[in-house]
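The next block holds one structure in the form of structure tokens; read it before the comments.
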Amino acid sequence: MAPKKSVSSEDPRKKRLKSKASRDEPPSLDKSFASSEYSVRFHDDISRRTVVFGKIVDFPYFANHHIHIRELFQAQGWENFLSTRQKQYTTLVKHFYTHFELVHGKISSYVKGKSISLPHSTLASILGVPRTGAQRYTTNSLVQFEGYDPLESIRQMCGNPNIQELSRPKIADLTLESRLIHHIIAHNILPRSGSYEYTSYLDLFIMWAILNKVKLDLAFYISWHMETCVKKKNGALPYGLHITTILNHFGVDFSGEKETRDVAHTDVYGETTMKQMRYEFKDDTWVKKNVAVMEEVGEEAQMDEAEAAGNEEPMQEDQEPRSAPSGSSRVNEDNFQLVLGRLDSLATSMGNIQTSIDNFSAMVTRKFSTYDEQFGTLESSIQEINERLINQGI
């Protein structure tokens, strides 16, 4: 008679239950998440969102080519903040927002076992920006602030003193300097994804403050913008590269992180930006390629152009536009600016798609890993059943 095979002393049912419990346990719960509640929030919500990396401003390039934005941001004390080059650790950024809370002006979070506490003063110190300045944050109405005249500020940003209607201008309507400032706001000061075709109410106020050297409390804006984005359903997560600075300050370990993003040449505002906008630097002045009219014209020329525009007859919606004089390219130029704005949005969307693909790939890898474990458990169970049947002589 064949010798009986040894049978494990542990109950097979208990063994299977242990295996299932091990599979269902959130990954690295002791380090990655403060509790199972945050683990669920991460996997069901935050992990699926896009992170906005940010842009790096090449201030020396603009200073050497007569675009005077450097002194405007120096007046705010933001030059170093806007010039920071950092690697983004995408998963850690999402862990930061998973645990994010803003209570009484203080940010709290938790990343890789490190508790993070950020009063405004500490946040300002870490990011190297002044703590003083105006604090106005609104997303759906004009900002109220002493000395701020929205209509007058729109005239200034558009370089057109004859504007009479108080409405948010398109980026195509802005002067070259104002358009660059708006780009920096949309990618660095109040980063977001999506279309940049129109300016927001808050954009207008911040542009006015920058152009007129009215100091703003950047740490205040960062805190409130973080909260607005994380509370928004499927909202993009801002300040990707700057969160690296914060995590580094609190001693978070970056080793072993695979989901990272380095600075690319398209992340730098400078020569590449001007080429994308189809501007050339000729005779010490910025001009549009294949366009005879210069972007920066004198005040008198602006007044003459505005007066000429004001004498045109209003056109009905179904009326065909009359042929423009051969010396005018205003309509084509504005349309081209609009296309550029949409191309900027498309470039951001492509980056968002790549991030989504990476997230999907990671999710598929996790799923197949789980299936492998389940098949392994099933195989073990079948072997145990076979052994029991053999032992019982069946």
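The values are calculated or read from the model by the stated rules, or taken from the named source; none is laboratory data. Nothing here was measured: the structure is a model prediction, and the numbers come from that model. Neighbour counts run over all protein chains shown; Cβ positions are idealised from the backbone, glycine included. Areas reflect the complete protein model, heavy atoms only, side chains present, ligands, DNA and RNA absent. Shrake-Rupley method; radii C 1.70, N 1.55, O 1.52, S 1.80 Å.
Worth pointing out:
- Residue match in the range 22-45 (condition: modelled with pLDDT of 95 or more and open to solvent by less than 40 Å² (accessible area, probe 1.4 Å)): yes
- Qualifying residue in the range 214-223 (condition: open to solvent by less than 20 Å² (accessible area, probe 1.4 Å), part of a loop (DSSP other than H, G, I, E, B) and modelled with pLDDT under 95): no
- Residues located in the range 88-109, provided they are outside any helix (DSSP H, G or I) and at pLDDT 95 or above: 88, 89, 99, 100, 101, 102, 103, 106, 107, 108, 109
- Candidate set from the range 167-212 (those that are among the aliphatic types (A, V, I, L, M) and in a loop (DSSP other than H, G, I, E, B)); member that is farthest from the chain's Cα centre (by Cα): 174
- Scanning the range 110-156 for residues that are touching a Pro at 6+ places or on another chain (Cβ under 7 Å) and either small (Gly, Ala, Ser) or part of a helix (DSSP H, G or I) (or both) turns up 124, 154, 155.
- The range 99-114 - residue that is touching a residue at least 12 places away in the same chain (Cβ under 8 Å) and open to solvent by 30 Å² or more (accessible area, probe 1.4 Å) and, of those, nearest to residue 257 (Cα to Cα): 112
- Only one entry of 136, 192, 155, 179 meets the criterion of being basic (Lys, Arg) and open to solvent by 60 Å² or more (accessible area, probe 1.4 Å), and that entry is 136.
- In the range 59-98, the residues that are basic (Lys, Arg) and either open to solvent by 30 Å² or more (accessible area, probe 1.4 Å) or out of contact with any strand residue (DSSP E or B) (no Cβ under 9 Å at 6 or more places or on another chain) (or both): 70, 85, 87
- Against the criterion of being of a type outside the set (Ser, Thr, Tyr), in the same structural domain as residue 241 (by the TED database) and buried (at least 17 other Cβ atoms within 10 Å of the Cβ), residue 49 qualifies.
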